[in-house]
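Trainee: The following block contains the structure, expressed as structure tokens.
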Amino acid sequence: MRIATIDIGTNTTLLLVAEQRPDGTAAPRLERAEITRLGRGIGGDGLLRDENIRRTLDVLASYADDARRLNATVFAIGTEGLRRAPNASTFLEPAARILGTEVQVISGDREAALTFLAALRAFPQDTAREAAVIDIGGGSTEIILSRQGEITFRESLPLGSVRLTETFVTHDPPTEEEATRLGTHVAAELSRVPFTPGSTLIGTAGTVTTLAAMAQSLTDYDPARVHGYRLSAAELHAQLERLATATQAEREGMPGLDPRRADVIFAGALLLKGLMDKAQAPFVLVSDRGIRWGLLHEQLEKQVTR
């Protein structure tokens, strides 16, 4: 059985098509990621914008074609942008018609659980001890703490690269005052998270994978070089120094940085710094396998138990 999992985020919409090997592991057949900006520019009313809805639906139509071509059963989930939008149905109803199945708008807790399942399967040895898994999205960040493969704490915080950019960054390049206010806000939000010093910090989603690609100056994104990369605190500091003084146009030309992320990467990098500081982590172990992989593993395991 082939399964297609679709993750509709605030900033990015991702597709994974995979099937189960005889040994029970997942064999990917197709992966795609498009920056669709569904939750961009939401503002005080929380409403999804028509242009962003149309853009995301166009991508879903393309993904649905891929799933049909590969004879895959579709499972789709939506996260923070859809959780908080009063007009989410304006998107969800046509999305269901396009995909042939409803999009599940999942809770922050379920998003955290899927993030952890993906990390557990990707890095079984690292999650066998004490670990902290972080998923930096556009609208929220999921934090999962674990010991010996069991979750001890999980939280979905209203921190994301898009959300922080729209709230705190109005100048190009950002001012020192904006960076300070953003960093102070992040530290306050993270104050209640009981990180254990010495835990392995595992990071996933676009901000973390982009910074890993930038650290390696990748001209073209290469999952094989990003997944499993250990991004050190020193490398992150160097990236932040470059990003802090660069205009958006200059950031768009930086190797490893998708130009469509150039406007939000500084806030995302500051958020990652706050997380690493709070966790007292000398590096973050980068995972290219986010909640679409967690959803895949969940569905494959359901097939086994039937």
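Trainee: Output the residues belonging to the range 57-81 that are surrounded by 21 or more Cβ atoms within 10 Å (Cβ to Cβ) and either of a type in the set (D, E, K, R) or more than 16 Å from T5 (Cβ to Cβ) (or both).
Mentor: Correct list: E80, G81.
Trainee: Determine whether the range 109-125 contains at least one residue that is over 24 Å from V17 (Cβ atoms) and touching a Pro at 6+ places or on another chain (Cβ under 8 Å).
Mentor: Among the residues of the range 109-125, not one is over 24 Å from V17 (Cβ atoms) and touching a Pro at 6+ places or on another chain (Cβ under 8 Å), which makes the answer no.
Trainee: All but one of (1) of a type outside the set (F, W, Y); (2) over 27 Å from V264 (Cβ atoms); (3) loosely packed, with under 14 Cβ neighbours inside 10 Å hold for D50; which doesn't?
Mentor: It is condition (2) that D50 fails.
Trainee: Answer yes or no as to whether G139 is touching a Pro at 6+ places or on another chain (Cβ under 8 Å) and under 30 Å from T247 (Cα atoms).
Mentor: yes
Trainee: Out of everything in the range 142-171 that is of a type in the set (A, V, I, L, M, F, W, C) and part of a loop (DSSP other than H, G, I, E, B), what residue ends up being surrounded by the most Cβ atoms within 10 Å (Cβ to Cβ)?
Mentor: Checking each candidate, the answer is L159.
Trainee: May I pose another question? Across the range 233-283, what is the total count of residues that are under 20 Å from L159 (Cβ atoms) and among the aromatic types (F, W, Y)?
Mentor: Residues that pass the stated criteria total 1.
Trainee: Go through (1) closer than 25 Å to E80 by Cα; (2) touching a residue at least 12 places away in the same chain (Cβ under 8 Å) one by one and return the number of the condition S217 breaks.
Mentor: (1)
Trainee: Need the failing condition index for G139 against (1) among the small types (G, A, S); (2) part of a loop (DSSP other than H, G, I, E, B); (3) more than 17 Å from the chain's Cα centre (by Cα), just the number.
Mentor: Only one criterion in (1) among the small types (G, A, S); (2) part of a loop (DSSP other than H, G, I, E, B); (3) more than 17 Å from the chain's Cα centre (by Cα) is unmet by G139, namely (3).
Trainee: Pairs only if they're at least six apart or on different chains, beta carbon under 8 angstrom, first in the range 82-106 and outside any loop (DSSP other than H, G, I, E, B), second among the basic types (K, R); list them, first residue then second.
Mentor: Hits for this filter: V105/R83.
Trainee: Output the residue which, of all residues in the range 107-136 that are hydroxyl-bearing (S, T, Y) and assigned to a helix (DSSP H, G or I), is farthest from the chain's Cα centre (by Cα).
Mentor: T127
Trainee: What tally of residues in the range 167-197 results from selecting those that are farther than 28 Å from F116 by Cβ and either touching a residue at least 24 places away in the same chain (Cβ under 8 Å) or out of contact with any His (no Cβ under 7 Å at 6 or more places or on another chain) (or both)?
Mentor: Number satisfying all stated conditions: 14.
Trainee: I've got another one for you. Out of the range 93-105, which residues are farther than 16 Å from T12 by Cα and touching a Gly at 6+ places or on another chain (Cβ under 8 Å)?
Mentor: Q104
Trainee: Looking at (1) without any contact (Cβ under 8 Å) to a residue 60 or more places away in the chain; (2) loosely packed, with under 14 Cβ neighbours inside 10 Å; (3) over 26 Å from G39 (Cα atoms), can you tell me which one A249 breaks?
Mentor: Checking A249 against (1) without any contact (Cβ under 8 Å) to a residue 60 or more places away in the chain; (2) loosely packed, with under 14 Cβ neighbours inside 10 Å; (3) over 26 Å from G39 (Cα atoms), the one that fails is (3).
Trainee: Among the residues of the range 282-296, are any under 14 Å from the mean Cα position of the chain (by Cα) and within 29 Å of D172 (Cα to Cα)?
Mentor: yes
Trainee: Go through (1) over 23 Å from G78 (Cβ atoms); (2) of a type in the set (D, E, K, R); (3) buried (at least 16 other Cβ atoms within 10 Å of the Cβ) and name the single condition R121 misses.
Mentor: Failing condition for R121: (1).
Trainee: Could I ask something else about it? Working carefully through the options A179, A212, find the one that is more than 20 Å from the chain's Cα centre (by Cα), surrounded by 13 or more Cβ atoms within 10 Å (Cβ to Cβ), assigned by TED's automatic domain parsing to the domain that holds A279 and aliphatic (A, V, I, L, M).
Mentor: That would be A179, the only listed residue that is more than 20 Å from the chain's Cα centre (by Cα), surrounded by 13 or more Cβ atoms within 10 Å (Cβ to Cβ), assigned by TED's automatic domain parsing to the domain that holds A279 and aliphatic (A, V, I, L, M).
Trainee: Right, something else. Only one of (1) β-branched (V, I, T); (2) more than 18 Å from T79 (Cα to Cα); (3) surrounded by 14 or more Cβ atoms within 10 Å (Cβ to Cβ) is not met by T36, so which one is it?
Mentor: For T36, the exception is condition (2).
Trainee: Return the residues of the range 265-297 that are surrounded by fewer than 18 Cβ atoms within 10 Å (Cβ to Cβ) and within 15 Å of E111 (Cα to Cα); say none if nothing qualifies.
Mentor: none
The values are calculated or read from the model by the stated rules, or taken from the named source; none is laboratory data. As the structure is a prediction and not an experimental result, all values here were calculated from the model. Glycine gets a Cβ as well: all are built from the backbone with ideal geometry, and neighbour counts include every protein chain shown.
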